[in-house]
Amino acid sequence: MNETEKEGRYTTDVALRVKAIESLLVEKDLLDPAAIDKIVDLYQNKIGPRNGARVVAKAWTDPAYKKRLIEDGTSAVAELGYTGVQGEEMVVVENTDDVHNVLVCTLCSCYPWPTLGLPANWYKAAPYRSRVVIDPRGVLKEFGLEVSPKIEVRVWDSNAELRYMVLPKRPAGTEGMSEDELAELVTRDSMIGVGLPNTPGKAV
Ligand code: FE
């Protein structure tokens, strides 16, 4: 599913109301929808998650940092300067050959802002929040990610005190790549667990 399709499936009343207001403003020529989409995209996909991508790339290249990150996410993330509201207590969960981790906030929309930026609408919507707990593999499949039955799927429920971030597996074929190059491969979805990092040669 692309971003628009995800929003279509995992939408909320609030999102629908916002869309209705947006349509009205566009109709009256007060708003350019393309400009709004660009700004949202910037914070959800481009600026926001780049901090998290730096954390992941460092963990992939520096085993001592990775150890600190798993043991004490808050401090290790703060080493790179990423602290603040909605990121006070961070727990980083590592994807391995045996475990795939997925994040949700079943109660509302808790999300690690300092590392991932603003949450997408689908993340905040009831259908994602309720279904990913009941049928994580089914939801992941809809996001285009099929997890082998041999791999355990763990769902982590964020809350007001605790925010999670997924440390995805380093993609094959990235040996010898620099930290900067690796960071370019890390997608927002891969740090939520609803996607994987890009592989070399595929643009972010
Ligand atoms: Fe929440």
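Taking only the Cα atoms of segment 96-204, the radius of gyration and Dmax are 14.1, 42 Å.
Note on segment 172-190 and segment 12-55: Cα centroid distance 27 Å, given to the nearest whole angstrom. One chain, two ends: residue 106 and residue 199. Fully extended at 0.36 nm per residue, the span grows by 30.4 nm beyond their Cα-Cα distance.
Positive-end ranking of 145, 108, 182 along the dipole of segment 3-192, with charges on Cβ about the Cα centre, is headed by 108. About the centre of its Cα atoms, segment 3-192 shows a dipole size close to 260 debye [charges on the beta carbon of Lys, Arg (+1) and Asp, Glu (-1) only; nearest 20 debye].
Springs join every pair of Cα atoms under 10 Å in this Gaussian network model of the chain, and among 109, 158, 148 the largest mean-square fluctuation is at 148.
Once the 1.4 Å probe is applied to the protein heavy atoms, the chain comes out at 53 Å² accessible per residue. Between residue 96 and residue 35, the simple spin-label model (points 7 angstrom out along Cα→Cβ) gives 5.1 nm. When only alpha carbons of the chain are considered, Rg and Dmax amount to 17.2, 57 Å.
Label separation (residue 3 vs residue 74): 3.2 nm, computed from points 7 Å beyond Cα along the C-beta direction. For segment 3-192, with all protein chains in place and a probe radius of 1.4 Å, 56% of the accessible heavy-atom surface sits on carbon or sulfur. Between residue 148 and residue 42, the modelled labels are 4.2 nm apart [label points 7 Å from Cα along Cα→Cβ].
Please give the FRET efficiency for residue 64 paired with residue 160, using the beta carbon to beta carbon distance and R0 = 30 Å, rounded to the nearest 0.05. Computed FRET efficiency for residue 64 and residue 160 comes out at 0.45. Between 66, 19, 46, the residue with the greatest mean-square fluctuation in the GNM of the chain (Cα pairs under 10 Å linked by springs) is 19.
The values are calculated or read from the model by the stated rules, or taken from the named source; none is laboratory data. Because the structure is a prediction, the values reported are computed rather than measured. Don't worry about glycine lacking a Cβ; one is built from the backbone with ideal geometry, like all the others, and counts go over all protein chains shown. All accessible areas refer to the heavy atoms of the entire protein, side chains included, with ligands and DNA or RNA removed. Shrake-Rupley method; radii C 1.70, N 1.55, O 1.52, S 1.80 Å.
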